[in-house]
Every structure is written in C-alpha cells, then in structure tokens.
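In what follows, a single structure is set out as structure tokens and then discussed.
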Amino acid sequence: MRFSTLHTSLFLPLLGVLFFTSISLEAQNEIVQNPEAVLLRRVWMMRGGVVGGDRVGALAGALTDVNHDSLQDFIWGLGSTGVWHLQYGGSPISDTPAQSFFHSTTLSYPVVGNFWGGSQEYVVFADFYTTKPAGRTQYHPLVKAYAIDNDTIDLRGVGTFDPSRGIWPGLESTITDMFAVDLNQDGDDELIVIVPGIQFDQEVDKRAEVWIFEGGPEFQLDTPTVVLKDTEENLTDVYAAVGDLDGDSLPDLMIGANYVGTGPGNRPIRYKFWWGKNRLSDLSIIPDHSVTLDKASVNIDAKFTLLDCDGDGVKDILRLLYATPLGVYLYRSAAGKNIRDRQLTIDDADGYFPGYSIFGSGGYLGDSLQRFESIIMLGARVMFFQGGKNGPNYSYDAYYSAADDGLTPGNVFGQGGPVGDVSGNGWEDYLTANPGWFNLEQGIVILLEGGPYIPTDDTTSGVEVVATVEHGSALHIWPNPVTDELHVAWRGDLKASPSLLRVYDMSGRLVVDGSVEGWRGEAVWKCGSVAVGSYLLVVYDRNERMLAQTNIIKEE
C-alpha cells in the first residue's frame, strides 16, 4: 500500500459465471458456466521506495463512505513513519490521498461504528504510550475515537480510553483485536476490545479480557460497561471474532488460544464462547462453553475465521491444522449440528481442504447479493473459493499472486480484507497489504476488484454498454461482432438483475434461452455453431420483465 501507483487492466475475476440451459440442439449454441479460475484484477497499488524500509501496508483497512459519494473509502499507512492516508473510492482511484495524518497504533486497522446512535459514524484506533518508571519501559493501551465529518476524519477526537491513568492505575497490556458490533441488537454499535492479558508492576495475569463499551446516546470511553474474563492463562496469541454462531440472531464472541497445560510441552488449544444476550448485563463474565481441539494433532496455531459461506445467515468456522497432512477444516452452520454441542475436531468437520494453510474471508467478490462469503486459502498461490448453498466446492474460482500479476514475487497478503465497493462497479473489492514485501521491507498495498472482468481498456474487444431503466451502464456485452463466445456482464448493485436471457433471429425464432443467477454477474453465450447473421439479445428479470435488448452480429 504505498508509494507508486498502478492502474492496470489485468484479468478481472468472474468468481463464478452464470450458466443457462439452451433449448437449441446445435452443438455450439449454449450458455455455460466459465470453468476457468481467473486472476483478480489489480486496480490500484502503492508500494515503498526502492531503498526499502518504508513498510507500506503496515496499516490497511476498510472505512466507510467518508465523502458521501456512494463508494466505500479505505485507509492505509506506512510503518516507518506511522502516517495514515485516507483514500477515496473512485474509478480511477486517485494517487493522492484525501487526508494524511500521523497516528501510532497497535493494530493494523481501525474500526468504524455508529456508537452514539443516529447517522453519525466514528472511527476508532487502538493506540499506546510508554512510561519508564525505575528504568523499565511500560506499555499502556489507549483507545481513541474520532468523528467522520466534512469528508474527513476529524482529528480533534471525541473520546479516549486510558485505563492506566484512570480506572486501573499502572495497567500494562496490548490490544490485539477490536470490533464494532451491535451486540444487543438495539440499533447502535458496541465497541469490543480484546487484550491477551494484563500486568500491574511485576504481576502478570495472562488470562485474556474482553472490554465492552455499550453503544447508545450515553456511549462513553471512561470505563467498560462489561468486562469478560477468560478462566485460563494463555501462552501465545489470542484470536477473537464476533458473529451469530447459534442461529438466534444475537452475535456471539469466540476466542482461541494455546493454553498452559499440565505437563512439559503440553500446550492445548481451546476455543471458548460467550453466547449473545439481549442485554449486556446478562452476558456471562466467564466463557459459556469451551472445547479442546484434537490432542493427537500437532497444532501450533489457534487461528480461526468466522464467515458465512453457505448463506444461511449464521457464521461458519474455519480452522487450520498443522498435521500430516496440512489442511484447513470447515465447520458449517447449515450442517445441522448445534455449535453449543460441537467439539470442532477433525472428525466433526464438514469440509477439508488438504494442503492449504493460511485462510480468511475473501468477502463477496463474486456474489452481488452478499449471501455467500468466499474463502481465501494459500496453496501454490493465494486462492479464493466462492461459497454456495452447500459451502464452497473444492475448485478455486479466483487467485492472485505478485508473480502472476507481473510484479516482483513475494507475499502480498498480510493486512487488509474486504472493503466494499471502492471502484464503483457495484461489486465488493478486496484490499491486501504486506509491509514486509520485497527487498528491505518496501511494503505494498493492492486493491483487487470484484465482479466480472469487463475489458473496457481493450479497444479490440468491442465492449458495448447497454442501459436499463435503473442504470445507464447496467450491462456490458462483448465482443460484438462475435465469432465464438459472447459475454454478458452486469453491475453488482442492480435491484433488477438479469435472470433470463433469450436470443432471437431476425424472423423472431428463438435461437437459445436460459436462466441465469443474477448474483454471479456474467453469462457466456457459446455461439460457434450459430449461423452468420444478425440476432436480438433480450434480457429479462426474475419476473420475466424485459430489462434491455440489443442487436448482436454473428461472424465467422
């Protein structure tokens, strides 16, 4: 995410192309699903200077629509200087940040929430400061909130939580995760802060804590409304996530860590859960449920991810197992197993991806209805697996690596995540960054665009823009004239998206038709065997109301 910028027209993803069923008997007159995985298109990039040391991408994350232009904005920064840059969405995205400012931080991202209620949004950063009593450096956590106002982040601030100078004098800790979530479903967000343990002077307590600040008109950062406490000391990183796991529509809290065992080398990994309640005061102070992962495994990492890859509105769980063989295990909420009873062992898994290691949510790059989150995993390259009603299949739909994209080889995935529609094509995008990329930590930040690839920069492709009542550039069709394959793609934010395509000849005879899944964004008419001539393509919505029509020329 840093200094030089690149706007390319690489191959954009069809994270799943719709297919139709042809009623014609001709061999090459049908619309089919694209069977090939695609390289995600890079539409914006910043990287450090050749001297190195800039650590571009040490800070990277989603914001909100700061300047109210209906596009999502994002933030990125340099680890070398601690300078954050606010970047507006657009097409193309400007090389010049809309706002730049210094801010120290212990997290690589901020959180945005509606903490006081109403329409005003706020951005919150995790921060710290140091003291040196008796010559020993102490690290004290801070939480700082700022209003998003006048198309910028108002740096005057609206509140700071400084527990070591307030309610817990001398407290030392670090903030490892932070969330803005409406826990009690009352219309405003709670601020949730995760710390892996605390220290007062020389006394260390390695039991994780969760500090929750209740949202609403009385939101304040003087003291947490509720403090949740783990019951065991952890040995390594504490991972955390929030989401509805049990299907009651209330967000639950899940943490994972290596814990102190009963013998030498014994470091059991446990996942622990706090079940959501309608009132924060009803939350259990200690975890409601705990599971110990497979004792026979050689797990060295408690990392997990929550995402909804099967579209039932309840979060699924991904976990990584360092074993023989290496793999990622999927526990689907729609599998009919109650999370309150599940043990999350190998035998309990509903899916297994052998040979893959890192993982996370790829967001909705290939689903305009935002039902099925995609899964990111690392194999030979970073690959995106599109979700579905039965979760993802075992074929990846999109991929990305620096080498595939013509850049200097190296891992560009470290910080970042889904950022909403930044580029303006109606599809969610993905921001990725790694401050350690390339020689001497140049660092890099890249925005990858979601949705179907539309070769608008290729003057030979004959891309035709077709309007509907809803949008002036709702559909893109190419190439026209066509010889073998006609692509029909559409914006991801259409309320009335294509559901049926029909092609007629000039005498009015139906040549081919087929139903399409509008959320996938693209269909391909394989027309190699269709006679040369003029045809009429008609696009309908799910109620068979005509959205658009255009003439197609078929050539040899």
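The values are calculated or read from the model by the stated rules, or taken from the named source; none is laboratory data. For clarity, every value in this text was computed on a predicted model and none was experimentally measured. Counting neighbours? That spans all protein chains shown, and the Cβs are built from the backbone with ideal geometry, glycine included. Only protein heavy atoms, including side chains, enter the accessible area calculation; ligands, DNA and RNA are left aside. Shrake-Rupley method; radii C 1.70, N 1.55, O 1.52, S 1.80 Å.
When you go through Trp168, Trp116 one by one, which is the residue that is under 18 Å from Phe213 (Cα atoms), in contact with a Pro (Cβ under 8 Å, 6 or more places away or on another chain), open to solvent by 30 Å² or more (accessible area, probe 1.4 Å) and not in a strand (DSSP E or B)?
Numbers: Trp168 fails: in contact with a Pro (Cβ under 8 Å, 6 or more places away or on another chain).
Going through Trp168, Trp116 in turn, just one is under 18 Å from Phe213 (Cα atoms), in contact with a Pro (Cβ under 8 Å, 6 or more places away or on another chain), open to solvent by 30 Å² or more (accessible area, probe 1.4 Å) and not in a strand (DSSP E or B): Trp116.
Do we find that Tyr109 is in contact with a strand residue (DSSP E or B) (Cβ under 6 Å, 6 or more places away or on another chain) and of a type in the set (Phe, Trp, Tyr) in this structure? Show your work before the answer.
Numbers: in contact with a strand residue (DSSP E or B) (Cβ under 6 Å, 6 or more places away or on another chain): yes; of a type in the set (Phe, Trp, Tyr): yes.
Yes: the conditions hold for Tyr109.
Give the number of residues within the range 480-522 that are hydrophobic (A, V, I, L, M, F, W, C), within 29 Å of Asp429 (Cβ to Cβ) and in a loop (DSSP other than H, G, I, E, B).
3
Within the range 414-435, take every residue that is closer than 19 Å to Ser80 by Cβ and modelled with pLDDT of 95 or more and give me the one that is most open to solvent (accessible area, probe 1.4 Å).
Asn434
Results for (1) open to solvent by less than 20 Å² (accessible area, probe 1.4 Å); (2) modelled with pLDDT of 95 or more, shown as yes or no for each residue.
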{"position": "Thr456", "(1), (2)": "no, no"}
{"position": "Ala489", "(1), (2)": "yes, no"}
{"position": "Ser499", "(1), (2)": "no, no"}
{"position": "Tyr504", "(1), (2)": "no, yes"}
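Can you tell me which residue within the range 178-205, out of those that are over 23 Å from Asn278 (Cα atoms) and either of a type in the set (D, E, K, R) or touching a helix residue (DSSP H, G or I) at 6+ places or on another chain (Cβ under 8 Å) (or both), is least open to solvent (accessible area, probe 1.4 Å)? Walk me through it before giving the result.
Let us first name the residues in the range 178-205 that are over 23 Å from Asn278 (Cα atoms), namely 195-205.
Now restrict to residues that are either of a type in the set (D, E, K, R) or touching a helix residue (DSSP H, G or I) at 6+ places or on another chain (Cβ under 8 Å) (or both): 201, 203, 205.
Details: Asp201: 98, Glu203: 143, Asp205: 32 Å².
By that ranking, first place goes to Asp205.
Would you check if Ala474 is closer than 17 Å to Asp493 by Cα, open to solvent by less than 10 Å² (accessible area, probe 1.4 Å) and not β-branched (Val, Ile, Thr)? Steps first, please.
On the way: closer than 17 Å to Asp493 by Cα: yes; open to solvent by less than 10 Å² (accessible area, probe 1.4 Å): yes; not β-branched (Val, Ile, Thr): yes.
Criteria met by Ala474.
Given (1) in contact with a strand residue (DSSP E or B) (Cβ under 6 Å, 6 or more places away or on another chain); (2) modelled with pLDDT of 90 or more; (3) of a type outside the set (Ser, Thr, Tyr), where does Asn390 come up short, assuming only one miss?
Going through the list (1) in contact with a strand residue (DSSP E or B) (Cβ under 6 Å, 6 or more places away or on another chain); (2) modelled with pLDDT of 90 or more; (3) of a type outside the set (Ser, Thr, Tyr), Asn390 breaks only (1).
When you go through Ser104, Ser80, Ser22 one by one, which is the residue that is at pLDDT below 95, touching a strand residue (DSSP E or B) at 6+ places or on another chain (Cβ under 7 Å) and surrounded by 17 or more Cβ atoms within 10 Å (Cβ to Cβ)?
Values: Ser104 fails: surrounded by 17 or more Cβ atoms within 10 Å (Cβ to Cβ); Ser80 fails: touching a strand residue (DSSP E or B) at 6+ places or on another chain (Cβ under 7 Å).
So the residue among Ser104, Ser80, Ser22 that is at pLDDT below 95, touching a strand residue (DSSP E or B) at 6+ places or on another chain (Cβ under 7 Å) and surrounded by 17 or more Cβ atoms within 10 Å (Cβ to Cβ) is Ser22.
Give the range 350-375 a look and list any residue that's surrounded by 18 or more Cβ atoms within 10 Å (Cβ to Cβ) and in contact (Cβ under 8 Å) with a residue 60 or more places away in the chain, or say none.
Within the range 350-375, Gly362, Gly363, Tyr364, Leu365, Gly366, Asp367, Ser368, Phe372, Glu373, Ser374, Ile375 qualify.
Looking only at the range 376-405, count how many residues are in contact (Cβ under 8 Å) with a residue 60 or more places away in the chain and either surrounded by fewer than 17 Cβ atoms within 10 Å (Cβ to Cβ) or farther than 23 Å from Pro354 by Cα (or both).
Count: 6.
Confirm whether Arg509 is open to solvent by 10 Å² or more (accessible area, probe 1.4 Å) and within 19 Å of Gln386 (Cβ to Cβ).
On the way: open to solvent by 10 Å² or more (accessible area, probe 1.4 Å): yes; within 19 Å of Gln386 (Cβ to Cβ): no.
Considered against the rule, which asks whether it is open to solvent by 10 Å² or more (accessible area, probe 1.4 Å) and within 19 Å of Gln386 (Cβ to Cβ), Arg509 comes out as no.
For the range 372-386, name all the residues that are within 13 Å of the chain's Cα centre (by Cα) and over 19 Å from Arg41 (Cα atoms).
Answer for the range 372-386, where residues must be within 13 Å of the chain's Cα centre (by Cα) and over 19 Å from Arg41 (Cα atoms): just Phe372.
Just checking, how many residues over the range 438-447 are over 18 Å from Tyr109 (Cα atoms) and crowded, with 18+ Cβ neighbours inside 10 Å?
Our first condition is that a residue be over 18 Å from Tyr109 (Cα atoms); within the range 438-447, this holds for 438-442.
Restricting the remaining residues to those that are crowded, with 18+ Cβ neighbours inside 10 Å gives 438, 441-442.
So the answer is 3.
Can you work out which of the residues in the range 37-57 that are at pLDDT below 95 and hydrophobic (A, V, I, L, M, F, W, C) is farthest from the chain's Cα centre (by Cα)?
Residue satisfying both the conditions and the ranking: Val51.
Within the range 523-551, track down each residue that is in a strand (DSSP E or B) and closer than 21 Å to Val469 by Cβ. Outline the logic, then answer.
Filtering the range 523-551 for residues in a strand (DSSP E or B) gives 523-526, 533-540, 546-551.
Passing the criteria: Ala523, Leu536, Leu537, Val538, Val539, Tyr540, Met546, Leu547, Ala548, Gln549, Thr550, Asn551.
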